[in-house]
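What follows is one structure encoded as structure tokens, with my remarks underneath.
The values are calculated or read from the model by the stated rules, or taken from the named source; none is laboratory data. Every value quoted in this text rests on a predicted model; they were computed, and no experiment measured them. Don't worry about glycine lacking a Cβ; one is built from the backbone with ideal geometry, like all the others, and counts go over all protein chains shown.
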């Protein structure tokens, strides 16, 4: 396996690609921002241009989507990790065996989306807000 790291001086992030022996991408990641950006949260990243991956085929890979623009890609039997809403998936194929892992703060977005969905609250409570007897809701507590 070969690992290549790319450091964007203007953007303050590091791209890490891992390749197999045939040169196919096995895994890629956008590292967490340096301390100067992380103090401002994800919104500080929104001014940066996202690195773009076009027409890539991923099979049985563990991928972090945060910070990436995926265009025309195909995901088969993958694990897609997301910890923010800062990513774009454009015209990509995602098979039914690919799973999404909602990490850190991203689960709050899902819970807010399903806040009033009683079916989700009863069948998948981890993906819904907590509804209290007085009718109020809690997320992230």
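Filter region 85-123 down to the residues that are surrounded by 18 or more Cβ atoms within 10 Å (Cβ to Cβ) and touching a residue at least 24 places away in the same chain (Cβ under 8 Å), then identify the one that is farthest from residue 139 (Cα to Cα). Per the criteria, the residue is 87.
Take the conditions (1) out of contact with any helix residue (DSSP H, G or I) (no Cβ under 7 Å at 6 or more places or on another chain); (2) at pLDDT below 90; (3) assigned to a loop (DSSP other than H, G, I, E, B); residue 133 misses just one of them, which is (2).
In the set (1) at pLDDT below 90; (2) in a loop (DSSP other than H, G, I, E, B), residue 45 fails one condition alone, (2).
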